[in-house]
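Here the structure is laid out as structure tokens; the discussion comes afterwards.
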Amino acid sequence: NTLDVILDPPGNITLCTGDSARLAAPSGYPRYRWSTGDTTRAIVVRAAGRYAVEVSDGRGCSGISDTVLVRVMPVPLPVLVTSPGTAPCAGDSVTIRTSQQYGAYRWSTGSTEPSIVLRSNATVRVIVTDSNGCEGESADREILFLPRIRPRITASGPLEFCAGDSVMLGVPGSYSKYRWSSGDTTRSIVVKNPGVYSVEADSAASCGGRSDTVRVLVYPRPAVPVLYLQGAALVTGTAASYRWYR
């Protein structure tokens, strides 16, 4: 007679690399022989392949189970990428995602979205689940935001003067680029007109930044004085102060 042999579990099995499954034959038989050569009632499988077992009841009856197909799927290896790809600057944000899409995400920040946005220094990683149900973890990714420079404007003289005079505004230190609110791109500028001035500067070792503003006041000069005789005296127009020359 042929014995009915139903394995537990009875269907095909999909494993992730590193996982295992237990295949068991019905109990009560004195003899078991698996396709692997094992002679125990149950075996633990980790490799892909086809597995079956033959059992005997000691009275000359035997039976062979259906074949169970075991597939072993590779675990995903998520790679983190950032946007923008260059080092972010303080005050900016950076988006981190995986180079491939997966079915589920579990970030070290607690997010379960496909991507996360960072605005400060952090070290992050993600655990993903693919369509086979296999999980994989990325390497840690450290995100460092570069500091912004704060250029300082210095003046060669007073910021209040009379029309026709000027003041030089400059930036101490050496930077790679300069962009003044006047449109100039030099390290220093000569200012003759009133206004509010500022400068943006860039550095190869850090991120660009803007200075505080500087206000320049230019006062009009008084009209050329006119002298005229009033009796025996020389008279001129009204002014705040006078200095006569003979």
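The values are calculated or read from the model by the stated rules, or taken from the named source; none is laboratory data. Here the structure is a predicted model, which is why all the values come from computation and not from measurement. When we count neighbours, we look across all protein chains shown, and the Cβ atoms used for this are built from the backbone with ideal geometry, even at glycine. Areas reflect the complete protein model, heavy atoms only, side chains present, ligands, DNA and RNA absent. Shrake-Rupley method; radii C 1.70, N 1.55, O 1.52, S 1.80 Å.
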**Request:** Could you give me the radius of gyration and the Dmax of the chain, taking only the C-alpha atoms into account and expressing both in angstrom?
**Result:** 42.0, 155
**Fill in**
With no solvent term and unit scatterers on the alpha-carbon positions of region 8-72, Debye gives log₁₀ I(q)/I(0) at q = 0.20, 0.24, 0.29 Å⁻¹ of -0.73, -0.99, -1.34
**Request:** May I ask you to give the percent of accessible area on region 97-163 that is carbon plus sulfur, with a probe radius of 1.4 Å?
**Result:** 45 percent
**Request:** Enter the per residue convex hull volume of region 9-149, computed from alpha-carbon coordinates, in Å³ rounded to the nearest integer.
**Result:** 110 Å³
**Message:** Between R59, R97, R148, where does the largest GNM mean-square fluctuation fall for the chain, given springs only between Cα atoms within less than 10 Å?
**Reply:** R59
**Fill in**
In whole Hz, the Karplus estimates of ³J(HN,Hα) for region 207-221 (6.51, -1.76, 1.60; θ = phi - 60°; x where Gly or Pro) are 9, x, x, 10, 7, 5, 7, 10, 9, 10, 10, 10, 9, x, 7
**Message:** At R0 = 51 Å, how high is the FRET efficiency between V224 and S83 if r is their beta carbon distance? Nearest 0.05 is fine.
**Reply:** 0.20
**Prompt:** With labels modelled as points extended 7 Å from the Cα through the Cβ direction, what inter-label distance (nm, one decimal) is found for T67 paired with S27?
**Reply:** 3.0 nm
**Message:** With unit charges on the beta carbons (Lys and Arg positive, Asp and Glu negative) and the dipole taken about the Cα centre of region 62-220, which residue among S131, T213, L77 sits farthest to the positive side?
**Reply:** T213
**Asked** At a 1.4 Å probe radius, carbon and sulfur cover how many percent of the accessible area of region 171-236?
**Response** 56 percent
**Prompt:** Extension gain E137-A90, at 0.36 nm per residue separation less the Cα-Cα distance, in nm?
**Reply:** 14.1 nm
**Item:** Protection proxy ranking of 198-206, 220-228 - average other beta-carbon atoms within 10 Å, highest first
**Value:** 198-206, 220-228
**Complete:** Result for the chain, cysteines with no Cys Cβ partner under 4.7 Å, is C61, C162
**Item:** the chain: relative contact order in percent, alpha carbon pairs under 8 Å with at least 6 residues between
**Value:** 12 percent
**Message:** At 1.4 Å probe radius, can you tell me the per residue accessible area of the chain in Å²?
**Reply:** 64 Å²
**Prompt:** Once you have the alpha carbon radius of gyration of region 107-158, what is it after dividing by 2.2 N^0.38 Å, with N set to its residue count?
**Reply:** 2.07
